[in-house]
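Q: This is the structure I have questions about; it appears just below.
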Amino acid sequence: MSKLVTVFDYSGTLSLEAVAFGKNDVLERQLHLSGLAEFGVSSPEIFWSSVVNPTWKKGSLSPIGYRRLMVDRISEEWTASRKDASLSALDEAAGIFVGEYFSHSRIDPSWRPLLRELYGHPLITAVVATDHYAEATEAIKGQFQDMQMKAVSLPAGGVAKVRDRARDRDKGGAGAAEPEGCFFIANSADLGYHKDEEEFWVRVREQTGCAPGGRLLLVDDFGANEVADDHYGQEARVAKRLQRTTDLLTKVFAGRVEVMPFIISGDESVRNGEVRLLIAQIAARIRECLREGGRPHV
């Protein structure tokens, strides 16, 4: 029986607190606590319009990192003398802010039973796919390490790990052992492509060892759970991203694809119940796919 590739988005899906960090009251408090407000980034409006939105594409497609990108953007019009006097303080403030952001970007505890069930499952290849900054890769690895699970980034280690698995299988015999379980992390900043680009998914397919015609189940909020002030989460972009990603997956994985949107209402009073219900539905569908031989409905 061939493997089922299960792919989970990170921010807004596995990590709901990452979204909460972007709420106006929380964000404004963090801008002041970190010291960024002293450098002119004193409100969520300035943060989104002057720092994040203009630099998101570069930051999410390169190894430059959130902290460095923020420092460069805020200081780009500074004089040489001001840079000499204040750049180190700005870098420290940006480091505090980014550190707080990733410390708030933890995997929601509601996901942990399902992730443990998938970890090391002989018929499942598990992937976390995210459009994110470079620092997110190590942060996500740390999240899995805290749960006593291993995560391997793509492309670093991805192709080599797949080749090692194939070599072990080819050797056979008593000396060949099953490889330890892991989650693959596909971060746009590492791969150089966003999730709405074909090359992102081609690399995921190739570097996790899933041949064309393989089977894939994607769980993603497509930005729908992001805060309203975040340009990434605008409704039109959500719809476009969902359709584009679905089309790409169908093409790259030869039509053997199922997409399960992970979209919650935003009502805090019922959020926990919504999240648990959606996760239960996802878990049930994965088990059903395995019973069917891993053939999701298109």
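Q: Hey, among Phe39, Phe21, Phe97, which residue is closer than 30 Å to Ala283 by Cβ and either touching a Leu at 6+ places or on another chain (Cβ under 8 Å) or modelled with pLDDT of 95 or more (or both)?
A: Exactly one of Phe39, Phe21, Phe97 is closer than 30 Å to Ala283 by Cβ and either touching a Leu at 6+ places or on another chain (Cβ under 8 Å) or modelled with pLDDT of 95 or more (or both), namely Phe21.
Q: If you don't mind, another one. Can you name the residue in the range 178-198 that is in contact with a strand residue (DSSP E or B) (Cβ under 9 Å, 6 or more places away or on another chain) and closer than 21 Å to Leu123 by Cβ and, of all such residues, is modelled with the lowest pLDDT?
A: Selected residue: Gly181.
Condition check ((1) modelled with pLDDT under 95; (2) over 17 Å from the mean Cα position of the chain (by Cα)) across all residues:
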| site | (1), (2) |
| --- | --- |
| Thr125 | yes, no |
| Tyr133 | no, no |
| Ala139 | no, no |
| Phe144 | no, no |
| Val159 | yes, yes |
| Arg165 | yes, yes |
| Asp168 | yes, yes |
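Q: Could you count how many residues in the range 47-67 are β-branched (Val, Ile, Thr) and more than 12 Å from Tyr133 (Cβ to Cβ)?
A: 1
Q: I would also like to ask the following. Can you spot a residue in the range 121-142 that is over 26 Å from Arg276 (Cβ atoms) and in contact with a Pro (Cβ under 8 Å, 6 or more places away or on another chain)?
A: yes
Q: Further, regarding this structure: Considering only residues that are in a loop (DSSP other than H, G, I, E, B) and closer than 24 Å to Lys3 by Cβ, look in the range 105-123 and name the one that is nearest to the chain's Cα centre (by Cα).
A: Ile107
Q: Take the residues in the range 90-129 that are among the small types (Gly, Ala, Ser) and without any contact (Cβ under 8 Å) to a residue 60 or more places away in the chain, then tell me which one is surrounded by the fewest Cβ atoms within 10 Å (Cβ to Cβ).
A: Checked the range 90-129; the qualifying residue surrounded by the fewest Cβ atoms within 10 Å (Cβ to Cβ) is Ser103.
Q: Show the residue pairs that are 6+ apart or on different chains and have beta-carbon atoms under 6 Å apart, the first residue being within the range 27-43 and touching a residue at least 24 places away in the same chain (Cβ under 8 Å) and within 15 Å of His104 (Cα to Cα), the second being among the aliphatic types (A, V, I, L, M) and surrounded by fewer than 21 Cβ atoms within 10 Å (Cβ to Cβ).
A: Note: pairs meeting the criteria are Leu31/Ala37; Ser34/Ile96.
Q: In addition: Among what's in the range 212-267 and is at pLDDT below 85 and among the acidic types (Asp, Glu), pick the residue that is farthest from Val51 (Cα to Cα).
A: Going through the qualifying residues, I end up with Asp267.
Q: Also, quick follow-up: How many of the residues making up the range 16-63 are assigned to a loop (DSSP other than H, G, I, E, B), hydrophobic (A, V, I, L, M, F, W, C) and within 16 Å of the chain's Cα centre (by Cα)?
A: 3
Q: To continue, here is another question. Under 27 Å from Phe200 (Cα atoms), in the same structural domain as Glu197 (by TED's automatic domain parsing) and not in a helix (DSSP H, G or I), is that true of Ala239?
A: no
Q: May I ask you to verify whether Ser81 is more than 16 Å from the chain's Cα centre (by Cα) and closer than 20 Å to Ala283 by Cβ?
A: No: the conditions fail for Ser81.
The values are calculated or read from the model by the stated rules, or taken from the named source; none is laboratory data. Worth saying up front: this structure is predicted, and the values here are computed from it rather than measured. Note: ideal-geometry Cβ built from the backbone for every residue, glycine included; neighbour counts use all protein chains shown.
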